[in-house]
Amino acid sequence: MSDHIKRIAVLGATGSIGTSCLDVVRAHRDEMSVELLSAHTQWQLVAEQAAEFLPRTVVLTGIDRNSIPGNAFPPQVNVEFGEDCLANAIAHSDAEVVITGIVGAAGLRGTWAAIEAGKTIGLANKETLVVAGKLVTDKAAETGATLIPVDSEHSAIFQSLQSGRAEEVSRIILTASGGPFRTWSREQLAQVTCADALSHPTWEMGRKITVDSATMMNKALEVIEARWLFGLPSEQIDVVVHPQSVVHSMVEFVDGSVIAQLSPPDMKLPIQYAITWPARVAGASPKLDLSETFSLDFQPPDLERFPALSLGFEVAERGGTSGAVLNAANEVAVERFLSETLTFTDIPRLCREILNAHDFDSQPELDELLELDHWARQEALNWIPSSPPHSHSLASRHC
């Protein structure tokens with residue numbers, strides 16, 4: 001990297017993406033600095049981060065000033081509260097790169113503020129594009145904002161695409177670990193407990209994303225994200241199950257060449273690449289040891305056992321309001337599963353029924369998407385399965 005110190009804002013600093021991002025900054029103290037941190041309610045952890053990195057501003061979006069001690073943060077750090085303050089802080093920040101690590105639709109507002117400000121955005125919040133894909137990409141083109149993916153799969157595609165021209169791309173292939181249940185039968189899936197779903201075989205993630213991986217809804221959302229991020233129709237997007245999570249995704253070009261990005265499963269690498277792009281630098285991520293014997297397996301996904309993935313392809317093709325509705329319904333469905341009021345296999349059923357019930361609009365404005373987000377959440381909270389779940393399906397989840 002050059003002698004220039006790159007200034008970074010980290011939205012969702014206390015989550016898995018945020019803490020991994022700060023690990024990257026620790027490994028590059030002479031090349032990176034933290035300008036802004038945001039958190040929702042975990043003020044103790046973000047206060048520790050502020051003491052270490054001394055950002056100009058910290059924003060807490062889920063609590064007020066009276067909820068924390070007056071001396072919790074270093075005196076030189078400006079502490080603000082609320083969603084409005086976060087959008088304002090991003091707009092007026094000197095940060096060049098904004099890492100958007102807030103999970104779910106809650107991350108849309110901060111990402112939108114960064115786009116309006118013309119920042120370079122390390123996009124870890126896939127829901128931004130799922131909910132408002134066309135509006136987001138149009139706004140980025142208008143303001144000159146740069147969207148660089150941080151999801152490992154989309155970062156792999158972003159890197160692989162640099163091997164050819166856009167018109168030479170035949171298809172992109174997202175890899176999926178398959179989660180903990182890739183070999184389970186439909187009968188076994190009906191018995192999944194919360195503890196089962198939270199045990200991912202290769203990645204350490206937050207609870208919501210871990211459940212999404214188990215249902216393959218996470219991959220469905222990534223299909224939708226890829227459709228907008230790379231400007232490809234759904235028929236040029238495929239998914240393949242790859243349990244080792246070493247090949248993070250691939251691009252097939254028209255001549256039959258397939259370019260892939262490989263590395264051990266660790267989010268620090270795509271985060272660092274988003275910050276340093278177009279340069280590559282040595283970092284804190286582990287490297288692939290090709291001196292050891294290992295195998296790479298690939299198989300097609302089973303859409304019958306994992307119907308959530310079909311929803312992703314459908315929404316990627318349809319666009320409009322469907323992404324906002326699917327995302328909102330799924331967020332509530334996962335919350336209900338974790339709170340033991342919904343079974344594992346009910347999650348995609350709920351999403352399907354609410355998606356089918358909404359009034360579709362092919363060209364919505366942002367306000368309409370936000371209204372539908374609220375509507376879908378209420379519908380998901382009130383949704384009752386057409387047949388009652390087996391009692392043992394909701395027992396002993398230990399969440």
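The values are calculated or read from the model by the stated rules, or taken from the named source; none is laboratory data. Remember, it's a predicted structure, so these values are computed and weren't measured experimentally. For neighbour counting, all protein chains shown are included, and Cβ atoms are generated from backbone atoms with ideal geometry for every residue, glycine included. For the accessible areas, the whole protein counts, side chains as well, though only heavy atoms, and no ligand, DNA or RNA atoms are used. Shrake-Rupley method; radii C 1.70, N 1.55, O 1.52, S 1.80 Å.
Things to note:
- Couplings 3J(HN,Hα) for the stretch 209-226, derived from phi with the Karplus relation 6.51 cos²θ - 1.76 cosθ + 1.60 (θ = phi - 60°), are 5, 5, 5, 4, 5, 5, 7, 6, 5, 4, 5, 4, 5, 5, 4, 5, 4, 4 Hz, where x marks Gly and Pro.
- Near Arg280: Cβ cut-off under 15 Å, other residues only, Lys/Arg at +1 and Asp/Glu at -1. The net charge is +2.
- Taking label positions 7 Å along the Cα-Cβ direction at both Asn71 and Gln191, the computed distance is 5.7 nm, reported to one decimal.
- Structural descriptor for the chain: relative contact order 15 percent, calculated from alpha carbon pairs under 8 angstrom and at least 6 residues apart.
- Residue of Phe158, Phe344, Phe73 that the Gaussian network model of the chain assigns the largest fluctuation, springs spanning Cα pairs under 10 Å: Phe73
- Structure-derived Rg and Dmax of the Cα atoms in Å: which label, when the choices are (1) 20.7, 63; (2) 22.5, 74; (3) 20.8, 67: (1)
- Inter-part distance where the stretch 160-239 and the stretch 261-335 are each reduced to a Cα centre, Å: 5
- Residues Lys139, Lys219, ordered by accessible area of protein heavy atoms at a 1.4 angstrom probe radius and largest first, appear as Lys139, Lys219.
- Working ranking of peptides 25-32, 277-284 by packing, defined as the average number of other Cβ atoms within 10 Å per residue, highest first, is 25-32, 277-284.
- Dipole magnitude of the chain about its Cα centre (Cβ charges: Lys, Arg +1; Asp, Glu -1), debye to nearest 20: 660
- The stretch 125-277, relative contact order [Cα under 8 Å, separation at least 6], %: 37
- Phi-derived couplings, Karplus 6.51 cos²θ - 1.76 cosθ + 1.60 at θ = phi - 60°, listed residue by residue for the stretch 120-130: 7, 10, x, 8, 9, 8, 5, 4, 4, 7, 5 Hz, with x used for Gly and Pro.
- Summing Lys and Arg as +1 and Asp and Glu as -1 over all other residues whose Cβ lies under 10 Å from the Cβ of Ser93 gives a net charge of 0.
- Taking N as the residue count of the stretch 270-395, its C-alpha radius of gyration divided by 2.2 N^0.38 Å amounts to 1.44.
- Computed [θ] at 222 nm, deg cm²/dmol, the chain (DSSP H ≥ 4; -39,500 (n - 2.57); rounded to nearest 500): -12500 deg cm²/dmol
- Global geometry of the stretch 114-230, whether rounded, prolate or oblate, following the gyration tensor of its Cα atoms and the 1.5 cut on a/c: prolate
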